[in-house]
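The values are calculated or read from the model by the stated rules, or taken from the named source; none is laboratory data. Remember, it's a predicted structure, so these values are computed and weren't measured experimentally. Cβ sites come from the backbone with ideal geometry, for glycine too, and all protein chains shown count toward neighbours. What goes into the accessible areas is simple: the full protein's heavy atoms, side chains included, and nothing from ligands, DNA or RNA. Shrake-Rupley method; radii C 1.70, N 1.55, O 1.52, S 1.80 Å.
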Amino acid sequence: MADFFSVQDISLCLGGRQILDHVSFSVDTPGRVIGLLGPNGGGKTTLLRAICGELPHDGHVFLEGAELAGLRSKELARRVSYIPQQSGISISMSAIDVVLMGFYPKLKLLSQPSADMRAAALRALEQVGMAGLADRDYLTLSGGEKQLVILARTLVEDTKLLLFDEPDSSLDLGNKYRMVRMIMELVHGRPGKAGLICLHDPVLALACCDTLMLLKDGRLICTLQPKTDSVHDMEKAFSEIYGAVRLVAVADPEISNHKRLILLPLL
Ligand SMILES: Nc1ncnc2c1ncn2[C@@H]1O[C@H](COP(=O)(O)OP(=O)(O)OP(=O)(O)O)[C@@H](O)[C@H]1O
């Protein structure tokens, strides 16, 4: 059977420099959250932009057997959400109208979101803790509030492949974990979805992702399975990116007999 999602041999040059170098990976079944980690400039954002078709590239991306490059833009938007670090929204509109944008790929030309869609948008804002700001001008929100509103938009988009670029970058520690946990619950809780998330915090990634991929100099150097890989192997892999590190297991205060891994740089 075909993989749920696969990236085959993506290479890409920008400004005469090779930014992605034959990147391939696959996710055989839905329900997986993959964390993409790597040094600054390693190619993470470029990879997400190539996958969602924003950047021309060599290679192929398949989702449920369909090559994404062959889809019309509206069809692509129904299947794939790409959430960049900055939303790109620069005109005044309410937070709830931003969330309603998530329904646009499902609307017929010139039709307006229905009352049910408005109710669903409000529920999504409630889910991310932003219902109280539904009528506020999106442009006046803080960076972290904007990220939560964009997560609410992603909830209503209800696509199969979610590509998040540092969704936690403006968030405080509590909201960082809440954000990635909500992404995890979305992917695990609704059938037929997978998530690929660029993160800079390996401890957050270890806590919330099913699989980790390490990207350096445009090459996928390692894929880790935090639940089953040995601490020694993971330390070795992380050291390729961060220099010497130690992984320390601490008791999980939420789940008895469970340990969480903390990564300490040996600087
Ligand atoms: N339009 C462009 N022209 C030339 N080089 C580019 C262009 N866009 C990105 N790059 C380069 O591609 C490399 C990868 O950039 P990318 O943004 O994908 O890295 P990243 O892993 O997401 O980094 P960070 O963690 O800092 O966000 C960088 O060296 C960057 O300078």
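Just a few scattered comments:
- Computed with a 1.4 Å probe over protein heavy atoms only, the accessible area of Asp172 comes to about 90 Å².
- Antiparallel DSSP beta bridges within the chain, as percent of all bridges there, nearest 5: 60
- Listed by chain and number, the lysines whose alpha-carbon sits under 28 Å from that of Lys236, ignoring those within fewer than 8 places in the same chain, are Lys44, Lys176, Lys216, Lys227, Lys259.
- Rounded to the nearest 500, the helix-only mean residue ellipticity at 222 nm of the chain stands at -9500 deg cm²/dmol, with each DSSP H run of n ≥ 4 adding -39,500 (n - 2.57).
- For Cys13, solvent-accessible area (1.4 Å; no DNA, RNA or ligand), Å²: 90
- Calculated from the alpha-carbon coordinates, the chain shows an Rg and a Dmax of 18.8, 58 Å respectively.
- If R0 is 25 Å, the Cβ-Cβ spacing of Ser24 and Met1 corresponds to a FRET efficiency of close to 0.85.
- Label separation (His200 vs Leu264): 2.3 nm, computed from points 7 Å beyond Cα along the C-beta direction.
- Think of the range 49-100 as having a plus end and a minus end, set by charges on the Cβ of Lys, Arg, Asp and Glu; of Tyr82, Leu100, Pro56, Leu100 sits farthest toward the positive end of this dipole.
- Span-like helix criteria (full DSSP H runs; alpha carbon extent of at least 20 Å along the helix axis; mean Kyte-Doolittle hydropathy of at least 0.0) are satisfied in the chain by 143-157, 173-189.
- Build a GNM of the chain with springs between Cα atoms under 10 Å apart, and of Leu155, Leu224, Leu141 the one that fluctuates most is Leu141.
- In this view, the solvent-accessible surface of Leu264, computed with a 1.4 Å probe and all protein chains in place, comes to about 80 Å².
- With only the Cα atoms considered, the range 91-157 has a convex hull volume of 78 Å³ per residue.
- Simple Cβ-charge dipole of the chain, Lys/Arg +1 and Asp/Glu -1, about Cα centre, in debye nearest 20: 340
- For the chain: accessible area per residue (Å², 1.4 Å): 50
- Between the C-alpha center of the range 164-191 and that of the range 23-86 there is a gap of 18 Å.
- Taking Arg72, Arg153 and ordering them by how much accessible surface each has at a 1.4 Å probe, largest first, produces Arg72, Arg153.
- Integer Hz, Karplus 6.51/-1.76/1.60 couplings in order for the range 7-13, x for Gly and Pro: 10, 10, 6, 7, 10, 7, 10
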